[in-house]
Structures are given as C-alpha cells and as structure tokens.
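Each reported figure results from applying straightforward, stated rules to the coordinates on display, with no laboratory input. As the structure is a computational prediction, the values presented were derived from the model and not from experiment. Using ideal geometry, Cβ is built from the backbone for each residue, glycine included, and neighbour counts are taken over all protein chains shown.
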Amino acid sequence: MMMFDIQFYSIFLQIFFMASYQLNINNQQYKAEAEPDTPLLWILREWLDLTGTKFGCGVNTCGACNVLMNGRTVRSCQVQVRSCTGINITTIEGLSADGSHPVQRAWEEMSVPQCGYCQPGQMLALTGLLNQNKQPTDEQIDAVMSQQLCRCGTYHRIEKAVKRAIELSNQ
Amino acid sequence: MQKIKISRKEFITSTSFAGSGLMLGFLLPGIKAFAQTTNEPCEFFKPNAFLKIDTKGSITIYVARQEMGQGVNTSLPMIVADEMDADWRKVKTEIAPFGSLPEGSHDTGGSQSVLTDFTSLRKAGAVAKTMLIAAAAKLWNTTPDKCAADAGEVVNTVNMQRIAYGDLVCEAAKLEVPKEVTLKSPKDFKLIGKEQRKNNLKDILTGKTKYGIDLKIPGMLYASVERCLVPGGTLVSVDDSEAMKLPGVVKVVTYKGTGAPMHVRDGVAVVAKNIWTAMKARKLLKIKWDEGTKNKQNTTALFQQMVARSQQKPTIEKFKKGDISKFATTPSNSIAAVYKAPFLAHATMEPINFIASVKDGVCEVWGGLQLPDWTVNELVKQCGLKKENIKVNLALMGGGFGRRLHFEFAIEAVKISQLVNAPVKLINNRTDDIRFDNFRPANVHRLQASWDAKGTLQTWYHHVLSTSIAVMTDGPDTKNMAENLGGADSDFYYDVPNVTTGYSHVDFNINRGWLRSVEICMNSFPIECFIDEVARKLKKDPLAYRLSLLDGRPMFMTDEGPGAMKQYPQRIANVLKLAAEKIGYSKPRKKNHFIGVATHSFIFAKSYAAHAIEIEMLGPKKFRIVKVVGAIDCGIVVNPDGLRNQMEGGIAFALQQALKGEITVVNSRVVQDGFNGFELLRYSEMPPVEIYTIESEEEPGGVGEVGLPTVAPALCNALAAAGARSRTLPIRNEGFEWV
C-alpha cells in the first residue's frame, strides 16, 4: 500500500511540476528545468538553443522537428521531456558538425535546399530509415519521405539525394 | 466604366519602393568621397555599402534583398564578385543592415531582385576593382591601364607581377571613389552563368542557419495569441483567471485590431517565460467575441455570386483593342467558358513569428520582412512610434512566397511588447499560420472567343473576377484593384484583332494577399486553357494553333508612357517550342498517354516560361503524371543551379494548387487548420521533371515566380486531350484522382 502511494506521488509530481531533466544529446549531457509535459522540440530549441530542430506544425504532420532517439527517427514535437532521459538523442547539429555524414554529403552534392527550413527533418527521416535498413526499397523510401513536407518543393532533388545517400552509406 | 491601368509591380512600387533600388552605395549621402579617411590601423577596404575586403583578402558582400529560399544570397553576390574579379571561395555574404541603404533597397517581391539590382551591383563591384587596380598601379609605379584584375589579384600586364586584393586594402582605402566605372562585356563573365551552390548550404545542412524563429534576445518573453476567427470581429471580454494560474505565465494582454493595410485582428496575447507555457495557457482563456454582421459568409456562395456576376459587364475595363461587338457571334462560330480557382494559403514551413522589443518608445524588431520600409512606416502609424526610434534587424526566412510582404505579425509583436514592457517573441502555431494568413484571392473568369468562316480568331473577351487584394490593403476606394496581368490586360499575347478584357471585384470578408505569381497564375490558367479549347473546337492541334498566333509576331509595348512594358510574343513561342520538343510532342505516344502544353510571359519579371506535361490515364478521371518539362527564357542566367531549383520547386508548388490546394470558408471562418486541411504536395507525388533554358543575352529577368503559371493549365490541357477537361481548381473537387 505504502509503495503504491509513493509511486503515485512521484508520478503526480512528474506530471504536474517543474523538474530537472538530464538529457543526452549529441553525446553531450544537458540539463533542463521544465514542466514534464514540455515537448522535446521546445526543450531543444528554446531551452538549449539547438535550433537546427525546427518547429513546423507541432502536431505530427510535417516532420520538420525530426530527431533521432537511439537511432530511430522521432518527431520531437510528440515526445515529452519526461520520457527523454536515458536515451541517446541526435539532432541535426550532432549528425556531424562538419556535414560529413553521408546523408549530408548527398544533400550537398545534389544542392537540395531552397529555404532549407525543412531539410534537417528530411535528412534525419532518411538517416533513421538507413539506420534500420541500408538498402530500402522505393516503397519503403516513399513511405518515410512522403511524411516530410517541403513547401519550396525540393522533392525532385531530395529524391536524387536519397539515392546518392544510399550509395554513400553503403560504400 | 472606369479605365484604370496599374499593375501589381507599380502598386508595390508606389506604396513602398520610395527609393530607387538602382542607386549606388557610393553615390549616397553619408558615404564619404574617400572609402576610409582614417585608416590606422588599416583593417579593411569598404568602397560602398555592398562590399568589404579585409587585409586577408576575405570579401564580405552585403545582400539587401531578403533570402527566403529563392537564392538571392547567392545570385546577387555572384554579380558583385564577377565584376570585381573576386575569388569566389573568398566571398562570404551578410544581410545588409537595414538603414545602410536607401529606402526600398531591401524590398523583396515580384521576382524583381536580380533584374532590379543587376547593373547597380555590377557597378559596385567595378568600383572596388577599379580602386584595387589603381592601388596596385600606384604601388608598382605604373598606370592602371597596365594592370588587370584576375581571380582576387591584380596583375601587372607588363612584367606579370601579381598582388592579392588583401594586400591592396590599405592603399585602396586611401583613394578617391571613382564616379564613373567601365563594366565588363558579358562575354567576359566568369561567375555569372556558372553553377554555384547556395552560399549558406553547409550551414543549412548542419543546422547552424538561424532563421527569424531561431533568434533570441536577452530577457525575451514568448507570446501566443488568440484572435477572432471572423475577420473584423471585436473582443467583448476575456477571463484569464485559469490561464494566469499556470506557473510561467507573465501577463495576458489585449489590444485592438487595425484596418488597412494589414487588418490586424483584435488580439488576446498570453505572454509567458517560455513558448510551451504560453501555448498551454492560451487554451485556458475564456473569450467572448462580437463577430459583427459579416459572420455568415461562405466560399460556395461566393463562387455562385462570382459566376452570376461574370455574366454582367465588368466594373473596370482593362484592355480594349478593335471592337468585339462588331463581329457577329453565333453558337456555331464561338465558344465561352467559365473557370474558377480558390483562395490559397502560403503555408511557409517556418510558421509566422516575430520579435519586438519596445522600451520607453524605443523599438527594435527582429524577423523576416519582405517590405521592411513599409512595415516601419506602418509601425509609426499603428503603434505610436517615431521612425527614428525603430531599429529593424532582418532575418532569414524559412520560405516567403509573398507571405512576409504582409506584416500584421510585426504590428502585433510590437503592440504586445509595448503592453508588457519587455522583449517578446510572437510565434503562431500552424493552425494560426493557416487561419490568419492573407490568402491568394478566389477568382472566376468568363471567356468568350469567336472566329470567321476560315476559322481565324476574330474576338477575345475575358472578364476577370476576384476578391481584390488592393481593396484589403488600400481600402474600398482603391484605384489599383484590377489584377489582370498575365494576359488579361494589355499584355495579352495572342494575335487577335478584337479584344476586350475587364475586371470586377466581388467583396468577401477574408484577408487577401500576394502569393507567389499571384495574378499571373490566376490569369494564365483560364487563358491557356481557353486557347486550348478554341483550338480543339476548331479541330486544330493546340500547340500549332498557339504558335500560329505567336510565331513571327513582333515585340509590342503594352502601354504608352512610363508604365509601358515590352511584350515579346516570339519569346513566348520559343519557350513553348522548346518544352514541346523536349517532351517529344510530335513523336508517337503510348496508349492512354496524353500531352498538354501552356505558355506565358511573366511580363514584369521580363521572363517567359512554358510547360509540357505528359499524363497516363488510368480511368475516366484517374491519371498519373508521367513527366513535366519546363522551359524558361529569363535572359542572362546568373546562377543556373538556382534557376533550375526555382523551376523544379515551382512545379511542386503549382501542382499542389492544381491538384488539391484550397482554402474554404464557412460562416466567415477558414475551414483548414493545418497541413491536414491545407495539404502540400508530397514526395511520392512529385513527378519526374526536366528543366530547359533558352540561351540568351537579353537583360536578366526574374525567376522566382515564373515556373508556376503554366503548370495547372498544361495539366488540365493534358486531361482535356484525354477528354476530361477541368475548368475548376483544384481538380480534386471535380473528382479527379492521381497516383
């Protein structure tokens, strides 16, 4: 009975009150004091100034806020900070600082961006896919990349960059 | 009928381009005759407001036009660097500080940047080069005519001695700035015409690029704003007791809206220490709005009203040639058709946001603004500020497309900052961003054409109806309301002896604004579909028929006087021929494959583009786009890579509008509230595209908007070839499906 109460109390505390969170982002430790329900998106952008992760919709419809959590693509607007501890988080700033990651190199070779705002999310969507499957089929690529919106309409170049990134990743 | 001729370009010009973009930095007041009079210690050489060279030879080029993805932060520096024979690898760019150039220099819209600035930027580069050469000549005890510039160095052409620009900085800075400079011959261009990747490409790919939404200033608070869903609605009361209970909420403030030009709505702003708290607390507000009397309008009724109105005489006659009434029109020698297109949102990926800090009447703002001078002038009027007390910091935009030609968000942010006496970053969520956009007007067109016994076109009538933008921005008495350019004006390019075009505004309570290609898109769709309908009715090939009305037709001036523009029917024909050739128009087609074409002139951007689209029909109204070919003639091409990117992206932007893009209104409320309602084109929907360019030595034209207008008509003409014409956009509303 006592155990239950303590557990209940701690969950109650976690949900409703400001707490301090240790986050492992791009292999660095960060600390953030925030309400437990604060989306990781805003922690990254406004608390930690990792602004490469973009706010596009906040409701899981555009993919601009993609990050990697233990290597898998996750929409950071959909993850609350309280569930982010103990996970390796990679943002665009950590994919590689110098742009040498195969996906970034492919995007550079194909000169993809126009405004560039959605591109970190585009690149992390593909990276998450390639982390699971080094040779995805066109259908698998379509399924992932079609969830990523680009208003400038750089899809033609994204498609070329996807193909090139797969080549580079398998070299 | 009133007779008024004012184009969008002139409108933008008259309202905001107070200064001339062609003025040169070195001719401006405040710029000294000598580049730098005191030069101890010597650090850099800055002959004008556009560029700076330091002693290491690193060149900074200041870009006044705003970068929003269209590539000006690469193309404009290329123009300067080419003329100064700079080493492109040593060039970096910065946003030219607001206030460092004459009013209007930062204005960015209408695909005008390259074509407006081409000569002035070349002169700015030539001034630097001339002074560097003079400095080298002085150093070598020779004359400038014995020196030449080459890739960031000056060369002594007699003894081939070389010296880097960086080593000439201190000498050059002591020299008088020349009043006259000689420009290169275009054949000597080294950078212009060669592919360059975006200047900030690496920063974009590593997440280092800072857009307006990424900026932070000390002590900054965050605002999330509740606005009345009905335009013109007023705030009755707000109960913020629940919202104020959330830890981190600083204040809830209210402010009154404004009228023209920007129609800021009454607002209730939750100001908090972080954006998440502001967004959460906003949901706890209990607000009563007075929606006013215009709260029952809907777009279905608007279109019915517009179609009914289209049968009457236009309010404004725009263009008249010959006399259409003198030719007898019967059902057998004529056709008529009505076309419709909806309101459209900008939906930039970066949601609207803006930072303002007002303290003791001193105001500083940060963010993307396509018309910053007009913004400042309105901040003076709407927020009780003095012009000299407003400092603007321009920021990169995550997409523009005309959204930030409007600046209601800047007025809102300043008002909120004034009320909380602290710096505030206003962020719209995606729902706000869509609902409170300034929409591309809904439009309806009635066209009629007739021909003689030989099948030669004799009359052309075009009545354009829309919910005018100018009525929003200038008020109901505006003289600029017609939106007819793109062929429904004196720029009409087909050779027809009797032509009448006109315009009627139909009022509707929703905010309207300029969206990429605005009126040119609105008018190209019906014109390029209707000419196709005429051809088909006359049993002629639509491509050959168009060319018969264009090929060999000489250049003509659209008007008399200073507003006149050149129209080149031949260039319109040439891009059409190129697109048709590259898609294999004259080759045998596979079963169920059909090709549609469309062409146009983007008259005030001095560019011409055509599209040819091949589709495969999979059912009566089901199709797949096999390929889209775009052809453009924009004169001298500055950056071919940037040009192609704009044209490719333009296809995606225009396909979204052709297939599914639409804003609808019910009870004066925008129905769409995000990307689920206002759907963008997706990766899997992007067809194969090819872009071809006409080689030209004509003066450079703009490219940002030119790739859109002919996409929707080319698609609809392909569908018509298959027997399934749609005269309504988006075609999804007509039951079309695509895979």
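Magnitude of the charge dipole for the protein assembly as shown, about its Cα centre and with charges confined to Cβ atoms of Lys, Arg (+1) and Asp, Glu (-1), is about 1400 debye.
No disulfide-compatible partner, judged by a Cβ distance under 4.7 Å, exists for the following cysteines of chain B: B:Cys147, B:Cys228, B:Cys363, B:Cys383, B:Cys521, B:Cys529, B:Cys634, B:Cys716.
For the protein assembly as shown, DSSP calls about 75 percent of its internal beta bridges antiparallel. In summary, the aspartates and glutamates within cross-link reach of B:Lys90, defined as a Cα separation below 17 angstrom excluding same-chain residues under 8 places away, comprise B:Glu43, B:Asp54, B:Asp82, B:Asp150, B:Glu153, B:Asp167, B:Glu195, B:Asp203. Here the stretch B:105-158 is treated with +1 on each Lys and Arg Cβ and -1 on each Asp and Glu Cβ, and its dipole about the Cα centre works out to around 180 debye. Within 10 Å of each Cβ of A:61-68, how many other protein chain Cβ atoms are there on average? Per residue, the average neighbour count from other chains is 2. In plain terms, the residue of B:Leu680, B:Leu132, A:Leu41 with the fewest other Cβ atoms within 10 Å comes first and the most crowded comes last, giving B:Leu680, A:Leu41, B:Leu132. When each of A:Lys160, B:Lys56 is scored by the number of other beta-carbon atoms lying within 10 Å, the sequence from fewest to most is B:Lys56, A:Lys160. Taking every alpha-carbon pair under 8 Å whose residues sit at least 6 apart, chain B reaches a relative contact order of 14 percent. A protection proxy built from the mean count of other Cβ atoms within 10 Å ranks the segments B:572-578, B:692-698, B:493-499, B:671-677, most packed first, as B:572-578, B:493-499, B:671-677, B:692-698. Straight-line cross-link partners of A:Lys160 among the lysines, defined as a Cα under 22 Å from its Cα and at least 8 positions apart when in the same chain: A:Lys134, B:Lys194, B:Lys198, B:Lys202, B:Lys582, B:Lys627. Taking amide H as placed 1.01 Å from N in the peptide plane, the amide H of B:Ile691 sits under 5 Å from that of B:Gly630, each at least 5 places away or on another chain. Peptide B:675-685 shows a mean partner chain C-beta count of 6 within 10 Å per residue C-beta.
Computed about its Cα centre, the charge dipole of the stretch B:472-515 is approximately 100 debye, with only Lys, Arg, Asp and Glu carrying charge at their Cβ.
Taken residue by residue and averaged, Cβ atoms of other chains lying within 10 Å of the Cβ of A:45-57 number 6.
Sorting B:Met617, B:Met481, B:Met68 from the fewest to the most surrounding beta carbons within 10 angstrom yields B:Met617, B:Met481, B:Met68.
A helix-only calculation puts chain B at -8000 deg cm²/dmol for mean residue ellipticity at 222 nm, using -39500 (n - 2.57) for each DSSP H run of at least four residues, averaged over all residues. Under a cut-off of 18 Å between alpha-carbon atoms, report the lysines in cross-link reach of B:Lys283, not counting same-chain residues fewer than 8 places apart. Candidates past the 8-residue exclusion: B:Lys245, B:Lys251, B:Lys273. Along the axis of the charge dipole computed for chain A (Cβ charges of +1 for Lys and Arg, -1 for Asp and Glu, origin at the Cα centre), the listed residues A:Cys77, A:Cys115, A:Asn66 are led at the positive end by A:Cys115.
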